[in-house]
Amino acid sequence: MNQNKWTTLVKTSKLYKVNLLKGKLSQNKIHAVIINKIDSSYLNFGEAELKVLASDFERAQEILNHVEK
């Protein structure tokens with residue numbers, strides 16, 4: 001797997017959740033980006049994606065698993 005490739009870590013229709021998770025990753029020095037595909041014109045139809053570099057994927061998963069417990 002290309003270590004510089006962005007990989008989707010989380011998909012959700014709750015934009016606030018993605019922002020909170022991105023903040024937690026940032027605290028742990030993991031760069032993440034949010035791709036907002038939510039269309040507010042249609043009652044918030046769609047999802048937001050939280051993406052991290054493939055090289056950070058496993059560590060990011062561990063951090064988020066710890067947060068969700």
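The table below gives the values:
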read-out	value
Cβ pairs under 6 Å, 6+ apart, first in region 5-19 and on the phi < 0 side of the Ramachandran plot and among the charged types (D, E, K, R), second assigned to a strand (DSSP E or B) and surrounded by 14 or more Cβ atoms within 10 Å (Cβ to Cβ)	Lys11/Glu49
Candidate set: region 23-55, residues that are under 20 Å from Lys5 (Cα atoms) and among the charged types (D, E, K, R); chosen: the one modelled with the lowest pLDDT	Lys37
Residue that is nearest to the chain's Cα centre (by Cα), among those in region 1-49 that are among the hydroxyl-bearing types (Ser, Thr, Tyr) and farther than 21 Å from Val67 by Cβ	Ser40
Subset of region 25-61 (residues that are among the polar types (S, T, N, Q) and over 14 Å from Leu15 (Cβ atoms))	Ser26, Gln27, Asn28, Ser41, Ser55, Gln61
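The values are calculated or read from the model by the stated rules, or taken from the named source; none is laboratory data. Computed from a predicted structure; not experimentally measured. Here Cβ is always computed from backbone atoms with ideal geometry, including for glycine, and neighbour counts include all displayed protein chains.
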